[in-house]
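Below is one structure, written out as structure tokens, with a few remarks after it.
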Amino acid sequence: MRTAGPDGDTAGPWQRLSDGRARAEGPAPRHGRAALLRLAAWFEEADPRAAHEICAAAFAVYGATHLGGPCDEPAGATVSWWQAPLASVAAARLASALPAEPARDHSAQRSRLRDAAESSAHWRRSAAQELRRVLAEPTGDDSRIRLSDPAMEVLMELLTAALGSGDATRRPVSAGDLELGVRLHVRHDPQAAIALRASGGDLNLDGLRLRVTAFDAADETAGTPGTDPDDPAADEAGSALPIAREA
């Protein structure tokens, strides 16, 4: 639609706002008080329909866009969507929408993790049986023992737990693993020395005697010198700490 402007031309609202033509004084200003006065003059001389077009062109104030579709009570263009009657519209799939990504299959990963856990449990059970066989009797004054790496790992776990449960210089201590069914007994003896050998490294223990039994075996405290706090030998037995030296 083309309407006559204040200067008599027939340019449309969009062309008026974008046109740089003006009267003899020069280009029309686009900002500031002069631009607002020029726009106000257009509003004053325009008819209602042209005024709406000028307003939409100047301030981007357009009519509401309504969702089309069948409805029992059609809503007018001026009705707010909040107050308009509801219309049932089927959801339309966008032509450019990407297909849904299928769920990833993690069965292979779960199988690998399960196999790794079963393999680790198998090696730990074998290591526990090796300790039961090699350390079935208390170690002597100068014991040299060769262990596999899994057996050394299990022994180190049990030895750490046993020495952390109490003072081995005052009374024998022990620690066990219910799942593996083994228990390590540790007793202090200043004359004892143990050399543990494995492919991953060697460990030398001075002042300790080790023995591995079934998990439910009782602690070896009865009849051991230095286990009674009132026994004078207890102070002598507790005077020296066992020494662990890693070769």
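The values are calculated or read from the model by the stated rules, or taken from the named source; none is laboratory data. Nothing here was measured: the structure is a model prediction, and the numbers come from that model. So basically every Cβ, Gly included, is an ideal-geometry build from the backbone, and we count neighbours across all protein chains shown.
Things worth noting here:
- Criterion (in contact with a Ser or Thr (Cβ under 7 Å, 6 or more places away or on another chain), not hydrophobic (A, V, I, L, M, F, W, C) and not assigned by TED's automatic domain parsing to the domain that holds Arg211) met by exactly one of Glu130, Glu118: Glu130
- Of all residues making up the stretch 170-212, the number that are more than 21 Å from Arg132 (Cβ to Cβ) and either outside the structural domain of Leu159 (by TED's automatic domain parsing) or out of contact with any helix residue (DSSP H, G or I) (no Cβ under 7 Å at 6 or more places or on another chain) (or both): 10
- Verdict on Ser199 being hydroxyl-bearing (Ser, Thr, Tyr), within 19 Å of Ser148 (Cα to Cα) and at pLDDT 65 or above: yes
- Only a single criterion out of (1) modelled with pLDDT of 90 or more; (2) under 43 Å from the mean Cα position of the chain (by Cα); (3) under 30 Å from Ala195 (Cα atoms) is not satisfied by Ser165, namely (1).
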